[in-house]
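Enquirer: If you scroll down you'll find the structure; I have some questions about it.
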Amino acid sequence: MTTMVASPRADLLRVRKWPAAWVTGGAWLVLLVLFGYVFNYVAYRSGNGSFATDGMADAALLESVLPANLPETITSGTPMFGGALMMVLGAMAASSGYGWGSWKTILTQGPSRSAVTLGSLLSLAVVVAVTVVASVVVGLGISTGIALVEGVDVALPTVTDLGRGAGTAFLVLLMWALFGYLLGTLARGPALAVGLGLVWSLVVENLLRGVGGLLDWVESLTTVLPGTAAGSLVGSLAGAGAPGGAPGVLDTLSGTQALVTLLAYVVLLPVVTVLVVNRRDLA
Amino acid sequence: MNELVVETAGLTKRYGSRLAVDQVDLTVRRGEVYGFLGPNGAGKTTTLRMLLGLIRPTSGTATVLGGAAGAPAVTARVGALVEGPGFMPYLSGRDNLRVLSRYRRLPDTVVDDALERVELSARGGDAFRSYSLGMKQRLGVAAALMGEPELIVLDEPTNGLDPAGMASMRSLVVDLARAGQTVLLSSHLLAEVQEICHRVGVINEGRLLRESTVADLLGTATLRVHAEPTEEALAVARRVAGDEVRVEHGELLVPLPPDRAPQLVRALVEQGLDVHSVRHGDRSLEDVFFEMTTNGGTPARKEKVS
């Protein structure tokens, strides 16, 4: 067994038993169910629009909670709260070990710093993948249930659509998790990393987009920001005529541009993280 | 026996304007228990961190088990507990060790063996955060023992242990050495080092003041001589024993082994001096240590490694 198997295997053991990972994943699922299904369905049943469903016609409301809409439902929250949650998880996964001294212990075990860091990032990717799979399973269960209760046809999404939806959700969540991991590595403490990351993803990017309307160079800068890419990719999946649009979804970039930008982040963030860890004194 | 397991040359670590470790030349031989001795803040932990590759030296080199300190192939053969145990608080002691055994690519059986050796088997299933300071420390030692590493680095291993725990930790270290493992142990507890170490390196303010066997360190046996008049007695004693003779509380401290006492006394009497008493001045490592560390930064005296 090579170190590239040993390290993620070791890291997965600690992540699997880590309450924070379950809490973050659980919070994502709760929010997904609330914003993806509960609010829309309750609004449909009661005929009142909620803030998330404002202005949606009844038919569209029902459509949004049926199985066929699953790819969009599981992706629509990823650029907003999903990404923020995974960023928190990534930041904690990287930074807690500095406070506990566990990185110090782990880095004296034998595997190189690169192997340990990549292993930890790989196990983070597994957590994100499991979260996405759980979202699909939960979404499928709830939407099928609604379809049966409402007596409409249970039309499942095509495998291609579902794959694209799950892939998009995975990529967006992974990018934010990796972003958080880098922040956690730089800050070496969860508080600063989580705080800065949240301010960035929830506030700063939006502010920059606002300023972008005034200054051209800021506008071109905003096109390469992680939030823009995540939002645009999810937006491209929903396509034109999507019901109402999901919160935070943008159409600044084309689907391909957004995908390339996201993939670039998914490659670059780990590279920077490994470089930082390799150069660092572990005092 | 004389194969060097650790060898540093001019090892230096500078933090800004502060020299934490200054030109340390350290040698640890295979199979010995090496005591790394110094007051808090002397540079012990910084040196050990450099040996483990956790921090990079500003200058100088460190060779461990024939390779560069911190190289993966080297650290895989070293077990270490540095500056307190660092574990995941939410995992049990056993799971913490299982995580480490996976990094080391060792079977899970080593975990139970390691817990057994530090008498933690019964509490292995409890969360690390619920452990007492002493139990945390013992888990740290257990982690260092996993996989029978050739070199075990223990930084203040008896920290937080009660007297019984300290005694069993000492016997554990002695057992390790008997089994052929090399132990590099840092401590500020002199009695501990005197009891279990073969050789010691004394460090203060970042400088290695002396490196030798415990016996050699204590071995410059001292005779305490009360002879009067003191000034003349001092001159005679210096003629016999060299310039290192000192006067302390009206007594001469003469660096001579006991079998040369008659020669000294004869010389004093021949000069017509009154010899009131002659006794062996038993020195403990503590005396030597304080002598060395209080007059700060005397140049390193090293025995040749042969």
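The values are calculated or read from the model by the stated rules, or taken from the named source; none is laboratory data. Just so it is clear, the structure is predicted and the values come from calculations on it, not from any experiment. Ideal geometry is used to build each Cβ from the backbone, glycine not excepted, and the neighbour counts take in all protein chains shown. Please note that ligands, DNA and RNA were not included when accessible areas were found on the heavy atoms of the full protein model with its side chains. Shrake-Rupley method; radii C 1.70, N 1.55, O 1.52, S 1.80 Å.
Enquirer: Could you list, in sequence order, the residues of the range B:153-178 that are in contact (Cβ under 8 Å) with a residue 24 or more places away in the chain and more than 19 Å from B:Gly134 (Cα to Cα)?
Expert: Residues satisfying the conditions are B:Val174, B:Leu176, B:Ala177.
Enquirer: Of all residues in the range B:188-198 being surrounded by 20 or more Cβ atoms within 10 Å (Cβ to Cβ) and touching a strand residue (DSSP E or B) at 6+ places or on another chain (Cβ under 6 Å), which is modelled with the highest pLDDT?
Expert: That would be B:Cys197.
Enquirer: Does the range B:1-10 include one or more residues that are within 21 Å of B:Met292 (Cα to Cα) and either open to solvent by less than 50 Å² (accessible area, probe 1.4 Å) or part of a strand (DSSP E or B) (or both)?
Expert: Checked against the condition, which is being within 21 Å of B:Met292 (Cα to Cα) and either open to solvent by less than 50 Å² (accessible area, probe 1.4 Å) or part of a strand (DSSP E or B) (or both), the range B:1-10 yields at least one hit.
Enquirer: Please indicate, with yes or no, whether at least one residue in the range B:76-83 is closer than 17 Å to A:Thr3 by Cα, more than 10 Å from chain A (Cβ to nearest Cβ) and surrounded by fewer than 21 Cβ atoms within 10 Å (Cβ to Cβ).
Expert: As a first pass, look at the range B:76-83 and keep what is closer than 17 Å to A:Thr3 by Cα: B:76-78.
Restricting the remaining residues to those that are more than 10 Å from chain A (Cβ to nearest Cβ) gives none.
There is no residue in the range B:76-83 that is closer than 17 Å to A:Thr3 by Cα, more than 10 Å from chain A (Cβ to nearest Cβ) and surrounded by fewer than 21 Cβ atoms within 10 Å (Cβ to Cβ).
Enquirer: Quick check on the range B:138-155. Is at least one of its residues out of contact with any helix residue (DSSP H, G or I) (no Cβ under 8 Å at 6 or more places or on another chain), more than 13 Å from every other protein chain (Cβ to nearest Cβ) and either over 27 Å from B:Ser284 (Cβ atoms) or buried (at least 22 other Cβ atoms within 10 Å of the Cβ) (or both)?
Expert: Yes, some residue in the range B:138-155 is out of contact with any helix residue (DSSP H, G or I) (no Cβ under 8 Å at 6 or more places or on another chain), more than 13 Å from every other protein chain (Cβ to nearest Cβ) and either over 27 Å from B:Ser284 (Cβ atoms) or buried (at least 22 other Cβ atoms within 10 Å of the Cβ) (or both).
Enquirer: Among the residues that make up the range A:170-191, is at least one of them modelled with pLDDT under 95, part of a helix (DSSP H, G or I) and within 14 Å of chain B (Cβ to nearest Cβ)?
Expert: Yes, some residue in the range A:170-191 is modelled with pLDDT under 95, part of a helix (DSSP H, G or I) and within 14 Å of chain B (Cβ to nearest Cβ).
Enquirer: Within the range B:231-264, track down each residue that is in a helix (DSSP H, G or I) and open to solvent by 30 Å² or more (accessible area, probe 1.4 Å). It would help to see each step written out before you state the result.
Expert: Our first condition is that a residue be in a helix (DSSP H, G or I); within the range B:231-264, this holds for B:231-241, B:258-264.
Hits for the range B:231-264 are B:Glu231, B:Glu232, B:Ala235, B:Arg238, B:Arg239, B:Val240, B:Pro258, B:Asp259, B:Arg260, B:Pro262, B:Gln263.
Enquirer: Also, I was wondering about something else. Checking the structure you have, find out if any residue of the range A:95-103 is open to solvent by less than 10 Å² (accessible area, probe 1.4 Å), away from every other protein chain (no Cβ under 14 Å) and either touching a His at 6+ places or on another chain (Cβ under 7 Å) or not charged (D, E, K, R) (or both).
Expert: no
Enquirer: Determine which member of the set A:Val30, A:Val38 is farther than 27 Å from A:Leu225 by Cα, more than 14 Å from chain B (Cβ to nearest Cβ) and at pLDDT 95 or above.
Expert: Working: A:Val38 fails: at pLDDT 95 or above.
None of the other options fit; the residue is A:Val30.
Enquirer: Among B:Val118, B:Val64, which is crowded, with 17+ Cβ neighbours inside 10 Å and not assigned by TED's automatic domain parsing to the domain that holds B:Ile203?
Expert: Checking each option against the conditions leaves just B:Val118.
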